[in-house]
Amino acid sequence: MASTTSPRSFQLEHFYIVNPGQLTMQVFASSRGVTRELIHECTRIAFIAPPPLRGGDFNQVMPAAFGVFRGETVDYIIARAQRLGDGTPVAHYMPVPSIVLRWLGGSYTKLETFINQPINTIKPGEQPPFVFEPTQPNTDEQNEALLNLMRYTKSNTKMIGSLLGGLVQAMGVGVINAPPSLKDRLSFVEGLLALLPVPARVAITICTSVVDSQQIRAQFKFFDAATFPPSYIVYDWANRRLIGGEPPEDVYSKFVVSQLRLDTSVVVEQTEKSARTAVWRAMRKDDLANALAWIARRFTLDSMISTNQPAPLQEIAGVLREDPTLPDDLRVAYAKHLVTRSLVDGDLAHTDIIPTISAHNKDVSDAIFVVLEAAAAKMDTAQAVFDMVERWVLHPPLGVDVERWRPLLSLAIQTRHAAVMATNDTSGLLTLTERLVETPAALGIERIIVQLITSSYRKAYEDARIARAIFLMAISHLPMGGLQRILSDQRYVAQLPPLIQEAIAYLVQTATRPPKPGILSKAAESYGSEVQPLILGRLVEWAFNTERYDLLDTESLRGMVRVAASSYGERFDPLFMGMTQQLATPDLMRRMPNDLLHRLITMSLARGHFDYAVRQMQGYQDSLFKATEQWQLAEIGRVAIREAPMDVEKALAALNAVRESSLRPMLQIGLYLGALEGQKWSPEMEPAARSLATFWIPERKGDPRLIAVFGVESALRLLHVTAARRDRIEALQLVDAIVKYALTLGGDTESLSVAELFDQVYMIAGWSPDMVRAILNAFCVYVRGAHSESARQVALHMGERHGAAARDVLEAAYTVREIVSGHDLVTFSEYVSASAELLIDWAAVYYEGQETPPLFKLRRTVQGTIGGLNDSEKKRMSENFGLIAQYIMQLYGVQQARTNRRSRSENEQLRAKLMTGSAAPTTSLEALTWIGAYFSQGRVAEVSLGREAPPHIFGNRSLNIVLLETDHLVELLRGLVRAFPSDTGKENRLNAPAFSSAAWSAEIENAWALLDLVSQRQIHDVLGSDSQRLARILNLIGAKGNDRVLQDSGPGRQLYIGRQQPRTVIEVLRWLQGYFLGVHEA
């Protein structure tokens, strides 16, 4: 839009238009670069009209109107408007960049000739660019403009300040009843703008003639009509008064008017000085009011600093921090004033800018150092210097070197110390030492503090307060040798608290008795919790360096974990490292507390040294613990990380180091588990829980050994996490691990019965029917393999708690488990086959068609059986016969009770269903029948008791074989009795099966599926025939028996002592019981 031919010459696009703002508006001349969009923008937002006609004739004094408007796509628009000879309004528009107006500097009177140049002389068509050569006003021109303004307003500076304040605060400002003179009007504007810095003048838009205020977009307007907006601040030129809106409060206007009252030249000087500052504030995007308010305040502060008047510290610091236009000499003056006043007032916060300024300005740095050096050498200001420099050193600005200021710290201490020592000022020494106790090591003043301690500690012989301060300084700053020398002075130590005296006695080895537990930890508490970690760390360091390991007890080690987590932790890193390397030896571990190792690990974790902690455990794993002892190290790691003071973020970072290590899986599991426990299984720890699950389920199988090591509660918590994300595979693998773990128990876990444990597992993981079925199948594994009573409790408990679905599956599993006596079907088939044959041989002796053996013959038969038994075997044989008789009668009793509750037809129907597998058994004899029918495809197996030769009571078995087979028979019958008990209170078991036919069939099929194909072929037919035969012979023997013969009186007694002839199997079993126990009477 504009080009320059010299530094102050601009070639500008421009155009002329007829009837601006009307429908007949038309461009009649323009330069080549003018576009339709530019014309539209200029005529829309920079409308201007010629001055109104006066008396029907043109006003020759003011033939043209002039305006400066802000553009949208261009910076500014200069416009002038006149009338043609026939009265037609015409306008001349010229878009200009802001640099043009900045060069003009508000001296609009220089444009008067251009503004009044007749437009009717312009030839229509293309025009050359307009050459504009603005010149900035010089000092004389600006003085003249201000004097004209004073003349126009009769030197009413208050009124001038109100008009200027309105402009600065972006309010509308206007003039009415102005003379119809373009020159006067431009001079008035020029005078007001001369009160502003040159860069700020471009912000004010003007228009010299306005009839309709709504059409003109300018801030300062000359109204040629009696109406104006009520919010405008308006100067009535003719009557020399303000009307319209309320003038605003404005800092800059007040300041510059105060300068105007002195002399116009002062205003010109100030505006020229502030030009650079005004540009800087404009670059900050400040509005005009804020920019000029800053300038006004800067002028005020400059004056106060130059005359050494107290200035507000915050504002001084603000100028130093923000204002790049501050001259170098004033910058030094500002900085010196800020530091000097801060030392006097004790308000040090505002001086934090000094190190930053000094780093970039050597003059400021040198000047401030001289000021502080002098102040540090004075008793009255030495402490203030110390406090100020301490702030700078401890909190240095980013990238700023504060080393130059450190010597001032020592100088200030020396000044104060010399003064109190020279005057023997105990109170002053106490104040100084107590102040130095709080100084951190980062100040780097250890050397001067060591000198102070060495020269002052004897002052503590009579004053416990000074002794305390000296002790804390020594603990904080002295190297170990210096600390030991001072604390070996008994007169000094006598002023310390008793617990510290006692601890020191052991450290300097003057105490002879064994140390009390926690002696170092308790001594460290003598001066409060804030310094307790520091004191304990130094005392432990002393004990460690002198190998007083007997003082490093549990309390001390626990305290060192708190030291590691405290603000003092970093300074003790060498101690922590030394302890972890030297204390973890087999010899020392025998003498040190049991929790030594986990405390050493926890210290490293508390320091955030996760990789080092992993290396520690790697060393312990490889050198201190055998492969079979890894679970012990895992528990140590678990406790160590659980007790480490860490948040979730640090805990996950520690586990990341663990995951990337070569620690054995058992130890890694312990660490993951401890971290989860330490963070109370927080949801944010889910990544750790996922990783832990991968360890608990190696090769996709649950590992019950881990539960044995880390506890069932941990497994349940992990199951909770897995269930929360509905991970079916991982959840079932954990359930499997828990079930396998339960099988290793005698019936109880740590605090839960197995039934209660399974109840929790069911509640946690049974989130869907599919999961419930899978969980119940897992519980069946326990029921099949656990101790009988434990299995029974689980089946009953789960059935009562979770209804028919759980009862159906688990009762079936329990019943089959008891039927087969906990064995697989191969062993069960062997027991069934041998037992059926033995019982049939017995029954054949007392079959109706056989002659009952007389008593003497029976005795001779038994006595003549080959094989020899020792006394214990005879006793066991006797017990077996008694139990066999008892179990047979119990089985028969349950069967009869069930049969008697049914009609004959119902019994026949049930038998038919048992043979087809369409009904579940309700007794053990029915269960044997069902099994036989299942494996024989429904074929009936008969029992034959007839014999051609007289049967032998033991057949062709030796006594040893009889003992073995009766052992098996007892075990088999015991399981059959437990499968369908006859206890009172279990009538439901007699009235209806506790499980469905489907559940019973599924359980038998599961037992069958566990066998290999060869085994299945070997026992298939045996199970089909002998199971039925066993059921039949048990029922037959029971039917002929009488349980009264089992009593220890009457016939039972006579049989037991061998004086009565047996006539049934049950009776002969009673007789044999007495025979093998040796109670038969001769």
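The values are calculated or read from the model by the stated rules, or taken from the named source; none is laboratory data. Computed from a predicted structure; not experimentally measured. When we count neighbours, we look across all protein chains shown, and the Cβ atoms used for this are built from the backbone with ideal geometry, even at glycine.
Tabulated values for the structure
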{"read-out": "Complete set of residues in region 473-488 that are farther than 22 Å from ALA511 by Cβ and either touching a Ser or Thr at 6+ places or on another chain (Cβ under 7 Å) or in contact (Cβ under 8 Å) with a residue 60 or more places away in the chain (or both)", "value": "MET473"}
{"read-out": "For ALA791: the one exception among (1) small (Gly, Ala, Ser); (2) surrounded by 18 or more Cβ atoms within 10 Å (Cβ to Cβ); (3) touching a residue at least 60 places away in the same chain (Cβ under 8 Å)", "value": "(3)"}
{"read-out": "Meets criteria (among the charged types (D, E, K, R), in contact (Cβ under 8 Å) with a residue 60 or more places away in the chain, more than 28 Å from PRO89 (Cβ to Cβ) and outside any loop (DSSP other than H, G, I, E, B)) for ARG261", "value": "yes"}
{"read-out": "Output for region 525-564, where each listed residue is among the small types (Gly, Ala, Ser) and under 21 Å from GLN581 (Cβ atoms)", "value": "GLY537, ALA543, SER556, GLY559, ALA564"}
{"read-out": "Selection count where residues are under 24 Å from ARG571 (Cβ atoms) and buried (at least 16 other Cβ atoms within 10 Å of the Cβ), scope region 460-480", "value": "12"}
{"read-out": "Residue pairs meeting the criteria (Cβ under 8 Å; at least 6 apart or on separate chains; first under 21 Å from ILE840 (Cβ atoms), in region 850-872; second exposed (fewer than 13 other Cβ atoms within 10 Å of the Cβ))", "value": "GLN850/PRO950; GLU851/PRO950; PRO853/PRO950"}
{"read-out": "Residues (of a type in the set (Ser, Thr, Tyr) and at pLDDT below 85) located in region 451-472", "value": "THR454, SER455, SER456, TYR457"}
{"read-out": "Inter-residue pairs, beta-carbon under 8 Å, first among the small types (Gly, Ala, Ser) and in region 389-411, second modelled with pLDDT under 90 and surrounded by 18 or more Cβ atoms within 10 Å (Cβ to Cβ), 6+ apart", "value": "SER410/ILE445; SER410/ILE448"}
{"read-out": "Subset of region 548-590 [among the hydroxyl-bearing types (Ser, Thr, Tyr) and over 11 Å from LEU534 (Cα atoms)]", "value": "TYR549, THR554, SER556, THR580, THR585"}
{"read-out": "Residue that is more than 34 Å from the chain's Cα centre (by Cα) and among the β-branched types (Val, Ile, Thr), where the choices are THR602, THR580, THR585", "value": "THR585"}
{"read-out": "Residue match in region 908-923 (condition: more than 25 Å from TYR814 (Cα to Cα) and touching a residue at least 12 places away in the same chain (Cβ under 8 Å))", "value": "no"}
{"read-out": "Residues located in region 827-858, provided they are of a type outside the set (Gly, Ala, Ser) and part of a loop (DSSP other than H, G, I, E, B)", "value": "TYR846, TYR847, GLU848, GLN850, GLU851, THR852, PRO853, PRO854"}
{"read-out": "Check on GLN1018, surrounded by fewer than 22 Cβ atoms within 10 Å (Cβ to Cβ) and in the same structural domain as SER918 (by TED's automatic domain parsing)", "value": "yes"}
{"read-out": "Neighbours by Cβ (under 6 Å, 6+ apart or cross-chain): first from region 412-434, buried (at least 20 other Cβ atoms within 10 Å of the Cβ); second not in a helix (DSSP H, G or I) and not acidic (Asp, Glu)", "value": "THR415/ALA377"}
{"read-out": "Selection count, region 370-407, where residues are assigned to a loop (DSSP other than H, G, I, E, B) and more than 40 Å from the chain's Cα centre (by Cα)", "value": "2"}
{"read-out": "Region 318-365, residues that are part of a loop (DSSP other than H, G, I, E, B), under 25 Å from SER274 (Cα atoms) and acidic (Asp, Glu)", "value": "ASP323"}
{"read-out": "Residues that are in contact with a helix residue (DSSP H, G or I) (Cβ under 9 Å, 6 or more places away or on another chain), of a type outside the set (S, T, N, Q) and within 18 Å of ALA467 (Cα to Cα), drawn from region 500-535", "value": "ILE500, GLU502, ALA503, ILE504, ALA505, ALA523, ALA524, GLU525, TYR527, VAL531, LEU534, ILE535"}
{"read-out": "Qualifying positions in region 218-247 - part of a loop (DSSP other than H, G, I, E, B), at pLDDT 90 or above and surrounded by fewer than 20 Cβ atoms within 10 Å (Cβ to Cβ)", "value": "TRP237, ALA238, ASN239, ARG240"}
{"read-out": "So LEU752, is it among the aliphatic types (A, V, I, L, M), modelled with pLDDT under 80 and under 29 Å from LEU796 (Cα atoms)", "value": "yes"}
{"read-out": "Residue in region 623-638 that is within 22 Å of the chain's Cα centre (by Cα), modelled with pLDDT of 90 or more and of a type in the set (Lys, Arg) present", "value": "no"}
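Yes/no per residue for (1) crowded, with 16+ Cβ neighbours inside 10 Å; (2) more than 14 Å from LEU597 (Cβ to Cβ):
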site: GLY637; (1), (2): yes, no
site: ILE641; (1), (2): yes, no
site: ALA654; (1), (2): yes, yes
site: PRO665; (1), (2): no, yes
